[in-house]
Structure formats: C-alpha cells, structure tokens
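The values are calculated or read from the model by the stated rules, or taken from the named source; none is laboratory data. Worth saying up front: this structure is predicted, and the values here are computed from it rather than measured. Quick reminder, even Gly has a Cβ in these numbers, built from the backbone with ideal geometry, and neighbours come from all protein chains shown. Ligands, DNA and RNA are stripped out before the accessible areas are found, and what is left, the full protein with its side chains, is counted by its heavy atoms. Shrake-Rupley method; radii C 1.70, N 1.55, O 1.52, S 1.80 Å.
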Amino acid sequence: MDTEITTTEIKGLNKSEVEERVSKGQVNGKTDLPTKSVGQILSSNFFQLFNLLNLVMVILVCTLGNAPGEAVFAIPAVLNLVLGIVQELRAKRTVEKLSLIHALKVNVLRDGEEREIAVHEIVLDDVLLLDAGKQICADSVVLEGRCEVNESLLTGESDPVVKEVGDSLMSGSFIISGKVSAKVTAVGMDSYANKISAGARYIKQTNSEIVKSMRAIIRIMSIIVVPLGVVLLLKEVYINDTPFAKSVVSMVASMSSMIPQGLVALISTVFAIGVIRLSRHKTLSQDLYCIETLARVDVLCLDKTGTITEGSMQVNGLVPKNEFSTSDMDEALIALVSLLPDNNPTYNAVREKYEGQTTDMEAINLVPFSSARKWSGVTTQKGSFIMGAPEFVCREQASVFAEETSGYAQKGDRVLVLVHSAQPIQDEKAPDDIKIMGFILIGDKIRKEAPDTLKYFADQGVDIRIISGDNPLTVSAIAKKAGLEKVEYIDLSTITTDEELVEASKKYKVFGRVTPDQKLKLVKALKADGHTVAMTGDGVNDVLALKEADCSIAMASGSDAARNVAQLVLLDNNFASMPRILAEGRRSINNLTRSSALFLVKTIYATLLTIIFMIPGISYPFSPKNLTLAGMVSIGIPGALLAIEPNKDVVKGRFLSNVMSKAVPGGVSIALAMIILQVINRMVPAGSPENLSTVSVVVLTACAFAVLYRACKPFNLMHTLVFFGNIVLFFICWLICQYDLPILGYNFFGMTPIGETTNNMLILTCPLAVVSVILILLSNYAFEKYISTHGLVFINKIEELDKKPRMIDRIQEKISKIKKDKK
C-alpha cells in the first residue's frame, strides 16, 4: 500500500465508479431487521383456519333462506380482525419511524468533496472521513492521519489501540481520538463484524409462552370443531327431523361458539399496543412478543461496558504525595487540561472534573499524549507538569508505590501519576529530576440509573450476572460500586473445558476475560439449567449470546450487529427503561391471562354442549344471534377492556395452567346448568322452543357473569364499571327485542321479549341461575387448587402439541425448498 498519499491526492470515488460498484453488489447494504410487510400483516390475520370457518358459516346461513341477522356471530370476529390489523400496522409504523430516526450516517470523500451518506450506501474503495466519536462502519485501511480506536465492541477489551497509516480499521469499533481518512476494503457480509456475527444468522422461533399455548389450543379445536358440527347437523336432520335450514343454524351456533373468536387477534393487539407504549419511552421493540419473555426472565446477563457503565471515564479521587496538597494537584491539572489539545478517555475525565476552570499559566512547550510514551505534559513559567502511567513517567520510583497502586487497581481504578519538574520538557522526553505530586484515580463512569435498576431487578427475584472481556478484578469492583451484592468472580481465560464453564455458570456472578464464544456457552448453560435468560450487550462480541438469549436488549449507541440481532433496542441508551419494559410485559401477561380465561370458558362450554345435544330427542336450544349477545356482554367487551388496563403484578405460574384453572370450572358448570335445565324443562315446560332458548341464554349469561366476577377481582372503579355495565347492557339488548328497530328489525337477538315472559320461564330461570352462579364461584376455588398441584401433566401434553410442525409450516417449508431448488 502507498503510505505517501497526501490530502490533495485523496479525492475519493467519482459518481461513475460508485455506480459501477453498486451494480456489482459491492455495497454495504441494509442489515436492519425488516418489519413485516403490509401484505404479510394482512395475510397472517386473514388466512387463519377459524376465519375461513367463519366465512363458510356466513355463506351457509345467508344462502339457505335464513335471516341475515343469523350471521351476526361473525361481527365480533370481524371487529377483532380489523382491530388486530390496525394495531399491528400502527406498531409497524412506529418501529419503522424509530428505526429511521436512529439511522446512522457517515462522511465520505467523493469527487473530491466531503459528503454525508447513509451507512448502507458505502461502497468498496470509498474514502471514509473519521474523527473522535465516529463508529467505523466498514472495514478499511488508514490512508492519512493517526487515531486511537476503541475495539471493545469487538474484543471486549476497553484499552485504546493506536492506528497509523497502513493500519487496518475493523467495522464495529470507534474512534476515540485523532482524525483519519480511510479506504474501505470490505463491505456488507465480507466485513469483520459481519463475519463474527455470522453464527447469529438463523431464524429464531418465538419463545412466547402465550403464543405457544394458543397455538396448542387452536390445534386441538381445529381437529374437533368441524366433526362435532357435522355430527350435530346430521343428528338434527335425520334423527330429530329438523328442517335443514334450521339445522344449519344450530350447527353454526355450536361451531361459532366453540371457536375462541378474536382471541388470537386480541393477543396480537395487546402486544402491538405494548410496542407502541414502549416507543414513548425510547425503546424500539423488534419482536412483538419479547416483552412477555422479559417479564418471565429470572436471570439477567449484563455486559459491563455500555450497560452498567457509560463507556466513559471519571476522576474518582486525588491522592497527594510528598509536600504537595490537593490544591497543588488541582492547579497543575487545570493547567494541563487548559493547555493540552488531547482527546482521549482519561484526559477527558480530568477535563470534565475541571470544566469551566482556567489557568493563568502560559505554555512554553507542549507534548500531547502518545500511546507509545503513555504520558502527556506541558512546560510553563512554573515548571513542567506531566501526567501519565506511573511505570512510564516515574520509572524507578514507580516500584516504591507498586503495592499502593495495586490496591487502587483492585478497587476498579486506573492509576495515573502527576509529577512536577523545575526543568523543561525537551525532545518529547520527561526531565530526570521529577517529583511525584500525587496519584489520579480514574474509573469507569457508572450510569446514574444502574444502581436503582439493579436493585429493582434483585427485588423482583431476577438473578444478575455480569459478563465482560475486561479484567475480572476490575469488573467485580465496578459491580460492587453499581450496587451488586454478590460479586463472586472468575477469569474465564482459565477455563479450558465446557464442563468447567457449566459449573462456573452456576457458582459465579461476575465473569471476566470472556470471549464471544464463551458468552454464547454461558447463555446456553443457564438456559439448560432451566432459567429464562435475558442478555444485554452493545458489541459485535455480544451478538451470538444476544441471539441465543430468550430476550435480548441492545443499546442504540452500540454496534449495528448488536442492534439488528436484539429484540429490544434502548434508543436513549438508558438502562432505567428496563423496569418499564418489565412492567409492560407484566401488564400484557396478567391481562391476557384474565381475558383468555373468559374466551376459553365459552370454548369449553360450547364444546361440551355440542356433545351433550348430540343425544337424540333434545334439540340445540341456541341460535347464533342469542349466543353472540351472551358472548358479547360476558366475554368480548369485558375481555378487550380488561386486556389493556394497567397491571404491575408479579407474573406467577404458567400461562396455560392459570387460564385453564379459571376457565374449566366456569365452562363445566355452565354445561351442567344446561343439562339440569333440560331435565327441569321436562317437568315444567317452557312453553315453546323460543322460550326455552331465552331461558337457556339467560342462565348461560348469568353463569358467564359469575366467571367475569372472578376475573374482575379485586374490584376497582374500572372493574366495577365493566362488570355492572355489561349486565345493564345485556338487559337493554333483551329489552329492545320487543321493538321493531330500523336495520335490526324485530327481536334481533332471537330472545322472547321481557314483556312476554311466562311464569314457567321465571320458575326455570331464577333458581337455576342462582344455583349455577354459586356453583361456579365455589368450583373455581377448588379447581385452582387442584390444577396447581395435579394439572401440570395435562398442561404439558397440551403445550407439546405446539412443538409438532403445523400444516401451514410444512407447506411453507416445501415452497421454500422449491424456490431454493430453482435458484
């Protein structure tokens, strides 16, 4: 490489050269995680088995001479479908807007002019103009200038590395001082950072317990809904001699009730709202369901740099020596930071300490910091002042204070020495007759929010692990300062086998000298031990572990690779956002548990009733219209309202067991109440099929309100309004059945009007409704106790169903294989 290139000779690429490289694919390209397209959102919501069944049932009802009002059962499904699509589209726009705001820019030299372009527009051989604070976005080689580079995002080591003409710059590192022009040598997937993160390029399946549970339930229902509906239709037509059109209505009523209408859409909606809420706190969610996973995390792995610390340094103290005082040291340090042009982390820490203060001394000779010398100094009318590493400045005297400086290092401080000499600095060499004025203790600047955040997670029962590429002694000292109570540490460079690493993951809390591969193995070991693991990081060296973790969080100031892999990105680099994310996950899980129980109550009782009414001689008493009314006031409306309210309760137990413990007693009790109602109807006839249908709906709704009562506990103002408001709504809907309303017509909900209620109906309804409500309230308590101790085997079998490949997954896999073969 020609190392004699001057500024005037560096013109960069011209327009045609850039276009030529773009046409050859020699361009950096976008590596951001793409959001779902509008088409994918629409298709994922539309093309579901239950939506297809609803469409078929609507066509059957409307083409067989039945009143169009019988298709009212599809309205909740349509509303939930629209709501789910709208919320996902809102979340998509929010994510894309935040990603656009945070898009990285870089300065390049093209046609001899400096230009600002997006990182993905960099092409091979572009000339990058880099100075302090800039991230190196593509592998390159220094053409001109000199700089110090922080490669901690790649290696985990925070010590600066000097780069001069001809030296290589690796993508993912940062310029901390100096200014260079650098020629791009590798772009896109050929860059160093992308090669390191290659192991993270695989599709990670969602770890959402809620989604997995719903998939399992839907798989079960998809197997039994259609056969049960068809058997009920055949029984009504061929055994009960019911007209075909009316039999279809009964079949549709049973099938539409067995389908958990809108539950999947509600789940997507709740998590989409969570994404939008987090965006208000400068948190970008790249996975719809990751906030749920974070709420279940019991081990949080933190990278020291950029997470607990800010990535910058601060002065922790001054230790005067000999006849000098602290004020003497202050005067000398103010002179140094006022007169020297340095720009490195330790110098900036000292400058920040004395920000706003100036000196009356004048510089006679300046020697800026050099990584080769390890010191910088200035000669004034009051003598020479030098600041740097003790072993390079003091030489022989350094050994006298070796034990003392070692003690400071064990507390996490870097030690600089400040010396004075009456002689001037000549030829960039320190004078021989120096006097030690004292030591400057420099340490990592701990984020202000870190101690409170760590304490918050500890109080929530989350175990904290600190993982870093730095010295374990330093890392443990910083962990103590940040408020971590248990800081047993280990140097992973001493670990030689995977078995030793697994044992270390159980025993230690702080891990130093960790390689990227060891970070990955640590996360795997913790997961294998039964933990739900969250990982924070900002470097390329964190990518593999971030990808493996159940929930991954990256800082926006970190590497592109880390941000792209992470499920959550803290755009303001504020660690204090973590409790908000945890709270949002808890809100989603706890509210969805409650709402899902309401939806599944209907699925359970509808399935049992369909089986019961296959018995010859008794007809299915419900129509789609009146079942829609019962579901709307006791499940649909309250379920949606309860799913979006604030909820910060700690997540306890597993989702499916919690839901089933609340849903099964209600579903079974309602089915039992319907059986008893049929027996009583034989003794005290309701008078007509319409009357019996009305009695059945009233009893069913009363039982469903008993389930809603349990879901609303503990009662607050909102829960009270939801509970009693829907009871009032039910009676209003029943009342309007006696009026001929515009569009809706007469008796829209298919119930006997209140004004036509008979004594027999009251005798059937009131006592049975009261008894059923009491039965549900008692059975709920008993069943919750039982399923918490005996129901796990059953729950495990249901959840295992989700591990089997679905038909749609198999079809998509075959399509992908065909496309691959064609290529």
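What is the one condition in (1) open to solvent by 20 Å² or more (accessible area, probe 1.4 Å); (2) touching a His at 6+ places or on another chain (Cβ under 7 Å) that M632 does not satisfy? Condition (2) is where M632 drops out.
Restricting S23, S16 to those that are over 30 Å from N564 (Cα atoms) and at pLDDT 85 or above reduces the list to S16. Here the stretch 426-455 is the region considered, the condition is being in a strand (DSSP E or B) and of a type in the set (V, I, T), and the residue that is surrounded by the most Cβ atoms within 10 Å (Cβ to Cβ) is I440. For the stretch 636-660, the tally of residues that are open to solvent by 10 Å² or more (accessible area, probe 1.4 Å) and either touching a residue at least 24 places away in the same chain (Cβ under 8 Å) or in a helix (DSSP H, G or I) (or both) stands at 17.
Just one of the numbered conditions (1) surrounded by fewer than 23 Cβ atoms within 10 Å (Cβ to Cβ); (2) in contact with a helix residue (DSSP H, G or I) (Cβ under 6 Å, 6 or more places away or on another chain); (3) over 15 Å from C766 (Cα atoms) is not true of V707: (1).
Taken together, the criteria place F385 among residues that are in contact with a His (Cβ under 8 Å, 6 or more places away or on another chain) and not in a loop (DSSP other than H, G, I, E, B). What's the number of the only condition in (1) touching a helix residue (DSSP H, G or I) at 6+ places or on another chain (Cβ under 8 Å); (2) assigned to a helix (DSSP H, G or I) that P260 fails to meet? In the conditions (1) touching a helix residue (DSSP H, G or I) at 6+ places or on another chain (Cβ under 8 Å); (2) assigned to a helix (DSSP H, G or I), P260 misses (2) alone. Within the stretch 508-546, if we keep just the residues that are touching a residue at least 40 places away in the same chain (Cβ under 8 Å) and among the basic types (K, R), the residue that is surrounded by the most Cβ atoms within 10 Å (Cβ to Cβ) turns out to be K519. All conditions but one from (1) under 15 Å from C703 (Cα atoms); (2) open to solvent by less than 10 Å² (accessible area, probe 1.4 Å) apply to L672; the one that does not is (2).
Residue-wise test of (1) assigned to a loop (DSSP other than H, G, I, E, B); (2) at pLDDT 85 or above.
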{"site": "K204", "(1), (2)": "yes, no"}
{"site": "K212", "(1), (2)": "no, no"}
{"site": "A216", "(1), (2)": "no, no"}
{"site": "R219", "(1), (2)": "no, no"}
{"site": "S222", "(1), (2)": "no, no"}
{"site": "L228", "(1), (2)": "no, yes"}
{"site": "L233", "(1), (2)": "no, yes"}
{"site": "E236", "(1), (2)": "no, no"}
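Whenever a residue of the stretch 702-722 is at negative phi and among the aliphatic types (A, V, I, L, M), its partners that are outside any helix (DSSP H, G or I) and modelled with pLDDT under 85, lying with C-beta atoms within less than 7 angstrom and at least six residues away or across chains, give the pairs M718/E645.
Under 30 Å from K134 (Cβ atoms) and crowded, with 23+ Cβ neighbours inside 10 Å: is that true of A562 in this structure? Against the criterion (under 30 Å from K134 (Cβ atoms) and crowded, with 23+ Cβ neighbours inside 10 Å), A562 qualifies. Report whether or not N107 is outside any helix (DSSP H, G or I), modelled with pLDDT of 75 or more and of a type in the set (S, T, N, Q). In short, yes. Every condition in (1) open to solvent by less than 10 Å² (accessible area, probe 1.4 Å); (2) at pLDDT 85 or above is met by D550 except one, and the failing one is (1). Applying the condition of being in a loop (DSSP other than H, G, I, E, B) and touching a helix residue (DSSP H, G or I) at 6+ places or on another chain (Cβ under 6 Å) to the stretch 470-483 and asking which residue is farthest from G311 (Cα to Cα) yields G483.
In the set (1) of a type in the set (A, V, I, L, M, F, W, C); (2) in contact with a helix residue (DSSP H, G or I) (Cβ under 7 Å, 6 or more places away or on another chain); (3) part of a loop (DSSP other than H, G, I, E, B); (4) in contact (Cβ under 8 Å) with a residue 40 or more places away in the chain, the condition left unmet by M361 is number (4). If I filter the stretch 749-759 for residues that are hydrophobic (A, V, I, L, M, F, W, C), under 27 Å from K662 (Cα atoms), open to solvent by less than 40 Å² (accessible area, probe 1.4 Å) and at pLDDT below 85, do I get at least one hit? Within the stretch 749-759, none of the residues are hydrophobic (A, V, I, L, M, F, W, C), under 27 Å from K662 (Cα atoms), open to solvent by less than 40 Å² (accessible area, probe 1.4 Å) and at pLDDT below 85.
Whenever a residue of the stretch 561-588 is closer than 17 Å to D452 by Cα and touching a residue at least 40 places away in the same chain (Cβ under 8 Å), its partners that are open to solvent by 30 Å² or more (accessible area, probe 1.4 Å) and of a type in the set (G, A, S), lying with C-beta atoms within less than 8 angstrom and at least six residues away or across chains, give the pairs N573/S557.
Candidates are the residues of the stretch 444-469 that are of a type in the set (G, A, S) and in contact (Cβ under 8 Å) with a residue 40 or more places away in the chain; the one that is farthest from L484 (Cα to Cα) is G469.
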